[in-house]
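Quick notes on the structure that follows.
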Amino acid sequence: MPHLPYSIELHDSRLAEIRREGVTLVLRLSPAYHHAVNALAPDGSTFENAETVMYAVALYKPRMTEIASVDALIADDKKKFIEQSAAVSIDETKPLATGDGQKLRSFTFFPKSEGNWEQVAYGEEGDYYLIFTVSSRTKSGYAKALQSYEAMLRGYKAKL
């Protein structure tokens, strides 16, 4: 896996374990209950001031009674993006695979004029919907982070 020049910003998670697997350090975080988000920002930046960030969200299905499937979650996200800015182009891209081989449906959300350049991958795991996002304030920042984003997804496994 390539070096990911990103720092982990913990909001409501705690570091539960650090272990070495060969030359790799594995960090296991306790579940994020309040925000349900784990965020990555480039070294020297914070989530708020970084040009480009990556984050993962786990949404607890039993609390989302209005969303019955990943397809419904995607439709809801697309609707919300368009409500916030009609000047967004949304396109489905190639599915992205996790370290477990799960294929995540993936979409780009690109501004037609101003806004963030984003790619969002959707999946599910047990009682959770999973959303993995790379978001950049610039097209060039998005392009530079795409390889790291895909590597992050390939490194994700439901169980270590």
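The values are calculated or read from the model by the stated rules, or taken from the named source; none is laboratory data. Keep in mind that what you see is a predicted model, and the values were worked out from it rather than measured. Heads up, the Cβs are rebuilt from the backbone with ideal geometry, glycines too, and the neighbour counts pull from every protein chain shown.
List of remarks:
- Filter result for residue 82 (within 16 Å of residue 131 (Cα to Cα) and of a type in the set (A, V, I, L, M, F, W, C)): no
- Residue, modelled with the lowest pLDDT, within region 62-99, restricted to residues that are touching a Phe, Trp or Tyr at 6+ places or on another chain (Cβ under 9 Å), among the aliphatic types (A, V, I, L, M) and part of a strand (DSSP E or B): 88
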